[in-house]
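Only one structure is covered here, and it is reproduced in the block below.
The values are calculated or read from the model by the stated rules, or taken from the named source; none is laboratory data. None of the values given here were measured: they were computed from a predicted structure. Don't worry about glycine lacking a Cβ; one is built from the backbone with ideal geometry, like all the others, and counts go over all protein chains shown. We work out accessible area using only protein heavy atoms, side chains counted, and drop any ligands, DNA or RNA first. Shrake-Rupley method; radii C 1.70, N 1.55, O 1.52, S 1.80 Å.
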Amino acid sequence: MGRKLFGTDGVRGTANVHPMTADMALRIGAAVGRHFRQDSKGVHRVVIGKDTRQSGYMFENALTAGLTSTGMNVLLLGPVPTPAVGLLTPSMRADLGIMISASHNPAADNGIKFFGPDGFKLSDADEAEIEALIETGVEPAQADNIGRAKRIDDGRFRYQERVKSTFPSDLRLDGLKVVIDCANGAAHRAAPEVLWELGADVIPLGVSPNGANINEGCGSTHPQLAAAAVAAHGADVGICLDGDADRVILIDETGQVADGDQIMALMAARWAEEQRLRDGVLVATVMSNLGLERFLTGRGLRLERTSVGDRYVVEAMRRGGWNLGGEQSGHIVMTDYATTGDGLMAGLQFLGEMCRTGKPASALARSFDPVPQLLKNVRYDPSVAPLEVASVKAAIADAEARLNGSGRLLIRKSGTEPLIRVMAECEDEALLLEVVDGIVAEVAASV
């Protein structure tokens, strides 16, 4: 059976609109509880974290009802970063971890992400089986076998200690002035506290969540706020997280932005020097810039590309036994330390390199010159299949022919929003603009 509810990172959509309704969350909770509780013996646990969206209360309660109805005991972490759920699921010997978040999306959206007992995100096969249970329904537990729910007050602190343990013990952040933009999201307490405890002079932004302002004009999708703060305060660096803190974008002292590709390039080169980069391989998606691939090749390293989505990066890393990967959007995965992308951990890796080398952020945040890349999105009605329209296919074929040998083209549906993403890379920026705009125009006309 294929997946209908699940996208590239769990279930996501506008709150109170299918599939992100309280009723569906209850059914999802029951289905996933039954999937991970195949027997009637022993203690079965699930940990649930959430970001700061107002709708998180609704989904937390609905999921808890569904899970406890199948005999699962629910441990509620409250607002914590997504990587905290990946960490605490195996640490607390849970069968399942759930994060309620729509990541970088606006506050009106929400989502449900799942982690298996090993702390890694679920496979496509698991998600397909869960969808089948949602469709057929599940038999609830007997009255004497209903699960319990309990609040866990120290989940955030456990996570913070784990994050700090990844920073070199012989280094401190004394003397570094760091802007940290938490996007009014899940890390609004954890990130500033970790940086302060390691010695940084912290300038916090996006640390006043009200349920409706997550990612609003701040965070990794709006780095302009942090860039302005870096300039205003004369800061050494800015770190921008998204709403659930699993991705990071950096700002150097001049206000320039460094995306995930630049962060991965720096880390891969450094880890390779220390003989820590397994097999000399960095894993990234098809969206990563061609300049990153050239940078790695020039150092005798290899880029392994995957489909878009950090879960596919992690799956490839686990298959190959590799330990560093991520996405241009800022998911940086270090399986030596975490089971999923962790924006704060990645930011600390960068700060550690600043401390070790004594170099400014601007000297470390641009390891390679990116090949000109253009990405445009076209919103579409999910009932329409624009990529099957003949005129759109013809425009894509024409663009591929024009780019042949001089660039590359990638057209795909977003896994989290009803968007067609049109991306191309080419040294000839005029040609780049022509081919992308041509495809965008045809897609827009078809919807």
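In the range 336-366, of all residues being part of a loop (DSSP other than H, G, I, E, B) and open to solvent by 40 Å² or more (accessible area, probe 1.4 Å), the one that is farthest from Lys164 (Cα to Cα) corresponds to Arg366. When the range 121-177 is filtered for residues that are touching a strand residue (DSSP E or B) at 6+ places or on another chain (Cβ under 8 Å) and of a type in the set (Ser, Thr, Tyr), only Thr166 remains. For beta carbons closer than 6 Å, sequence separation of 6+ or different chains, a first residue in the range 50-68 that is under 18 Å from Ala108 (Cα atoms) and a second that is open to solvent by 10 Å² or more (accessible area, probe 1.4 Å) and part of a loop (DSSP other than H, G, I, E, B), the qualifying pairs are Thr52/Pro209; Arg53/Ala107; Gln54/Gly211; Ser55/Ala15. Residues in the range 367-385 that are open to solvent by 50 Å² or more (accessible area, probe 1.4 Å) and within 18 Å of Ser329 (Cβ to Cβ): Pro370, Gln373, Leu375, Lys376, Asn377.
Of the residues contained in the range 413-431, one or more are found to be in a strand (DSSP E or B), of a type outside the set (S, T, N, Q), within 30 Å of Val17 (Cβ to Cβ) and open to solvent by 50 Å² or more (accessible area, probe 1.4 Å). Remark: pairs (first residue in the range 140-155, over 30 Å from Ala187 (Cα atoms) and touching a residue at least 12 places away in the same chain (Cβ under 8 Å); second residue open to solvent by 100 Å² or more (accessible area, probe 1.4 Å) and assigned to a helix (DSSP H, G or I); Cβ separation under 6 Å; 6+ apart in sequence or on different chains) are absent. Note on the range 185-212: residues that are open to solvent by less than 20 Å² (accessible area, probe 1.4 Å) and closer than 18 Å to Leu77 by Cα amount to 6. Taking residues in the range 96-125 that are open to solvent by less than 30 Å² (accessible area, probe 1.4 Å), and partners anywhere that are of a type in the set (Lys, Arg) and assigned to a loop (DSSP other than H, G, I, E, B), the pairs with Cβ atoms closer than 6 Å and at least 6 places apart or on different chains are Ala107/Arg53; Asn110/Arg53.
Counting the residues of the range 302-335 that are in a loop (DSSP other than H, G, I, E, B) and either over 13 Å from Met264 (Cα atoms) or touching a His at 6+ places or on another chain (Cβ under 7 Å) (or both) gives 6. The residues in the range 92-148 that are under 19 Å from Ser69 (Cβ atoms), out of contact with any Gly (no Cβ under 7 Å at 6 or more places or on another chain) and assigned to a loop (DSSP other than H, G, I, E, B) can be counted, and the count is 8. In the range 212-224 there is no residue that is closer than 30 Å to Ser69 by Cα and touching a residue at least 60 places away in the same chain (Cβ under 8 Å). The residues of the range 72-87 that are more than 16 Å from Thr52 (Cβ to Cβ) and either in a strand (DSSP E or B) or open to solvent by 10 Å² or more (accessible area, probe 1.4 Å) (or both), listed by number, are Asn73, Val74, Leu75, Leu87. For the range 241-286, the set of residues classified as under 17 Å from Leu324 (Cα atoms), surrounded by fewer than 24 Cβ atoms within 10 Å (Cβ to Cβ) and not hydrophobic (A, V, I, L, M, F, W, C) consists of Asp259, Arg270, Glu273, Glu274, Gln275, Arg276, Arg278, Asp279, Gly280, Thr285, listed by residue number. Whenever a residue of the range 412-427 is without any contact (Cβ under 8 Å) to a residue 40 or more places away in the chain, its partners that are open to solvent by less than 40 Å² (accessible area, probe 1.4 Å) and of a type in the set (Phe, Trp, Tyr), lying with C-beta atoms within less than 7 angstrom and at least six residues away or across chains, give the pairs Pro418/Tyr380.
Considering only residues in the range 390-407 that are modelled with pLDDT of 90 or more and within 32 Å of the chain's Cα centre (by Cα), the one that is surrounded by the fewest Cβ atoms within 10 Å (Cβ to Cβ) turns out to be Ala397.
When the range 10-36 is filtered for residues that are within 21 Å of Ala107 (Cα to Cα), among the small types (Gly, Ala, Ser), outside any loop (DSSP other than H, G, I, E, B) and under 23 Å from the mean Cα position of the chain (by Cα), the ones remaining, listed by number, are Gly10, Gly13, Ala25. Annotation: of all residues in the range 98-114 being hydrophobic (A, V, I, L, M, F, W, C) and in contact with a Lys or Arg (Cβ under 6 Å, 6 or more places away or on another chain), the one that is farthest from Val43 (Cα to Cα) is Ala107.
Could you please find all residues in the range 142-184 being open to solvent by 60 Å² or more (accessible area, probe 1.4 Å) and closer than 20 Å to Ala245 by Cβ? If the condition is that a residue be open to solvent by 60 Å² or more (accessible area, probe 1.4 Å) and closer than 20 Å to Ala245 by Cβ, then Asp153, Asp154, Phe157, Arg158, Glu161, Arg162, Ser165 are the ones that fit. When restricted to residues that are in contact with an Asp or Glu (Cβ under 6 Å, 6 or more places away or on another chain) and over 30 Å from Ala265 (Cβ atoms), the range 369-395 contains 3. Counting the residues of the range 156-168 that are assigned to a helix (DSSP H, G or I) and either without any contact (Cβ under 8 Å) to a residue 40 or more places away in the chain or not hydrophobic (A, V, I, L, M, F, W, C) (or both) gives 9.
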